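The values are calculated or read from the model by the stated rules, or taken from the named source; none is laboratory data. Because the structure is predicted, anything quoted here is derived from the model rather than measured. Note that each Cβ is placed from the backbone with ideal geometry, even for glycine, and that neighbours are counted across all protein chains shown.
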Amino acid sequence: EVPVPLSREELEACAFRVQVGQLRLYEDDQPTKVVEIVRHPRYNKSLSARGGADIALLKLEAPVPRSELVHPVSLPPASLDVPSGKTCWVTGWGDITHNQPLPPPYHLQEVDVPIVGNSECEEQYQNQSSGSDDRVIQDDMLCAGSEGRDSCQRDSGGPLVCRWNCTWVQVGVVSWGKSCGLRDYPGVYARVTSYVSWIRQCVPPFPRP
């Protein structure tokens with residue numbers, strides 16, 4: 001599958017900047033420019049995140065130098081099956097609860113969230129649906145969270161990471177959900193293991209330090 005750059009009508013790369021090595025949003029006055037956004041070719045704009053393949057890659061104007069505060073997170077092996085109940089972590093500068101934006105000084109937030117198996121997650125969402133038999137949680141999705149512990153609005157695109165074999169690996173990308181932190185509505189993430197081969201196809205390997 002060939003990576004497809006987003007068109008001008010959808011998202012413009014020039015409108016985005018990437019901040020690294022900072023805990024407070026807007027603290028870095030020289031963020032790195034984005035020169036290209038590459039979406040997965042199976043992403044369906046009309047279905048949005050609920051259609052799956054809700055993942056994209058950003059090409060930056062310049063390499064990001066590693067430092068004490070900046071390290072690339074590892075990709076998981078494509079075969080990794082994160083067990084239900086495992087505690088992982090999600091971070092972001094999004095709302096701290098439903099319709100309550102993060103206040104100044106905009107310090108990066110983190111919360112530990114339990115992984116919820118896809119079957120259980122599907123059952124929870126179906127129980128609250130309007131009688132539709134359509135599948136809600138696709139194979140390329142991953143659920144995590146519990147009441148009061150969740151990603152929220154404006155966290156979309158952020159990382160869900162787990163400790164695995166003494167290494168932090170990114171297993172999810174914040175995608176969608178119902179409000180945030182509600183009982184029986186875990187957050188839904190793009191399952192990174194479903195896209196490892198595509199990511200490796202698009203991104204050259206990191207040189208070893």
Based on this model, can you work out whether VAL90 counts as at pLDDT 95 or above and either in contact with a Leu (Cβ under 9 Å, 6 or more places away or on another chain) or within 16 Å of PRO186 (Cα to Cα) (or both)? yes
Does VAL196 satisfy the condition of being of a type in the set (Val, Ile, Thr) and either over 16 Å from ASP139 (Cβ atoms) or outside any helix (DSSP H, G or I) (or both)? no
Tell me which residues, restricted to the range 92-119, are of a type in the set (A, V, I, L, M) and not in a strand (DSSP E or B). ILE96, LEU102, LEU108
Might you let me know whether the range 92-110 holds any residue that is touching a Cys at 6+ places or on another chain (Cβ under 9 Å), among the aliphatic types (A, V, I, L, M), surrounded by fewer than 19 Cβ atoms within 10 Å (Cβ to Cβ) and closer than 24 Å to ARG42 by Cα? no
With criteria (1) within 19 Å of the chain's Cα centre (by Cα); (2) under 25 Å from ASP28 (Cα atoms), PRO103 comes up short on (1)
Would you be able to say whether some residue in the range 181-192 is over 30 Å from GLN100 (Cα atoms) and touching an Asp or Glu at 6+ places or on another chain (Cβ under 6 Å)? no
Test: residue in the range 23-46 that is outside the structural domain of GLN170 (by TED's automatic domain parsing), within 27 Å of THR167 (Cα to Cα), of a type in the set (Gly, Ala, Ser) and part of a loop (DSSP other than H, G, I, E, B): no
Would you confirm whether any residue within the range 90-99 is of a type in the set (Ser, Thr, Tyr), touching a strand residue (DSSP E or B) at 6+ places or on another chain (Cβ under 8 Å) and in contact (Cβ under 8 Å) with a residue 40 or more places away in the chain? yes
With respect to the numbered conditions (1) in a strand (DSSP E or B); (2) farther than 20 Å from ARG24 by Cα, which one is the sole condition not fulfilled by TRP89? (2)
